[in-house]
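Here, each number is a calculation from the coordinates, and none is a lab measurement. Quick caveat: nothing in here was measured; it's all calculated off a predicted structure. Here the Cβ positions follow ideal geometry from the backbone for every residue, glycine too, while neighbour counts run over all protein chains shown.
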Amino acid sequence: MIRRISLYCFLVLISSSCVRHHINKPKLDSLLTLIESKNKAMGGLAISVNGGVVYSRYIGYRSVNGDLKIAPDSHTLYKVGSITKMFTATMIFQLIEEGKLKLTDRLANWFPQLANAQKITIGNMLDHRSGLHNFTSDTIYWRYLTRPHTEAEMTAMFAKQKSDFEPDEKAEYSNTNFVLLGYIIEKITKKAYSENLKDRITSKIGLNDTYYGAGATPRPNEARAYAFAVKWTSMPETDMSIPAGAGAILSTPTDLTKFIEAMFAGKLISMDHLNLMKTMNENYGMAMFEMDFDGKKGYGHTGGMDCFRSILTYFPDEKLAIAYCSNGGAYSIDKVRDAALNIYFNKPFTFPEFKTTRLKPEVLDKYLGVYSSKELPFKTTITRENTTLIAQGTGQPQFALVPVAQDRFVIDETGTILDFEPSKNRFVLEQGDAEAYFTKDK
């Protein structure tokens, strides 16, 4: 019997060692080194399997002040933007499990002054089916994002907004939902969001580098936001009182993997509530998206604020978590994640070439000037540094314009396209489905 047990244990060990995945660390290092050397991104990547980190790497700078450049490390915190929504939803479900809240409770219980508050439920808000207007889509958002706002100021602003559609009529992403859910957590618990986050999540599962942000000025261990236009330049940063429960958390890639692993292990909420987060209704789950890769089912969220970009995904069948956080750059977070996963799973992968086109100064000079728009409340100044065209909106950072065709340029960081019409002294700005005309001032 002893020999059989010993043999069985030996076979289990052999089997386990055979299925353990070998990660091609040098290839991953080469990918991130390439991205860093071309000034395409700054940030950190972490991959965790079965609860253990198998890869972690940081590139670029945490802060840049003239010649003083500080590199990031494993304790550098990044603004994770809308990944905050997963933390907010987790605390909402915890309150439900404690009997202090129900998915069917109405928004009017706390904010009766808001449009359709008597009809909107907590569940509607969690899966973006409330119809509440997304306040960050308004052009005036850019005028106040760096200034602190109280709950009363934010809700007064929301109260002036009409609903975009009737509750549960359809799904449409809105940050307003989760700002309000964060306030509701505070009202029910009579504690600040930051205290709830610490008590209910970070101290519970050992997230030592995750907290709720304060103000607009980064703390010493926090990464600053940057855009690259010939050199890394700092970007104005959002005051954390504005995104609140929709986007005010700072964390590290490693802590994010710990968080999502704990969620899927049932350490924070019940499996029934996790399944609600995973259930897609018109492509929206309750604070999660489906984020598949090569036939593998994944769940998570992305985040974007100022020049910060982040992505967090968990693959339950593989017990694999991957998180990438960036504080600046033009290389898509989705491309970084997918490239890392291709390398991890030993899939065919070709390194990006980052080809650039240089135009002669005399060609670029015809685009220079200050442009105004009737559709948008800011001016855009086009300047030149050597052979690089630079665009800067009023009160915004500089962005390099990358030529992609005759009179056509793109801002890689934001995916914004500028189509110039020199003969008419104007350009068309295209971002997503929206466009606006800018005419050169005389």
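Among rounded, prolate and oblate, which fits region 361-440 when a ≥ b ≥ c are the square roots of the eigenvalues of its C-alpha gyration tensor, a/c under 1.5 means rounded, and a/b larger than b/c means prolate? Rounded. Note on K38: lysines with a C-alpha under 29 Å away, same-chain residues under 8 apart excluded, are K25, K27, K69, K79, K231, K335, K347, K355, K360, K366.
What's the exposure ranking of F135, F378, F228, F438, going from fewest to most Cβ atoms within 10 Å? Before the final figure, lay out the partial values.
On the way: F135 19, F378 16, F228 23, F438 26.
So the residues, fewest neighbours to most, are F378, F135, F228, F438.
Residues whose amide H falls under 5 Å from that of D239, counting only those 5 or more places apart or on a different chain, are T146, R147, with hydrogens built in the peptide plane.
Using Cβ contacts closer than 10 Å as the measure, can you line up C307, C325 from fewest to most?
Details: C307 28, C325 33.
The fewest-first ordering by Cβ neighbours comes to C307, C325.
Centre-to-centre, using Cα atoms only, region 197-223 and region 308-384 are separated by 27 Å.
Overall, the chain carries a charge dipole of about 880 debye about its Cα centre when +1 sits on the Cβ of Lys and Arg and -1 on the Cβ of Asp and Glu, all other atoms neutral. Within a straight-line Cα-Cα reach of under 22 Å, K102 can be paired with the following lysines, leaving aside sequence neighbours fewer than 8 residues apart in one chain: K85, K119, K170, K187, K190, K191, K267, K278. Each distinct pair of alpha carbons in the chain adds a 1/r term; the inverse of their mean, the Kirkwood radius, is 23.5 Å. Region 246-316 has equivalent-ellipsoid semi-axes of 19, 15, 13 Å, by the square roots of 5 times the alpha carbon gyration tensor eigenvalues, sorted largest first.
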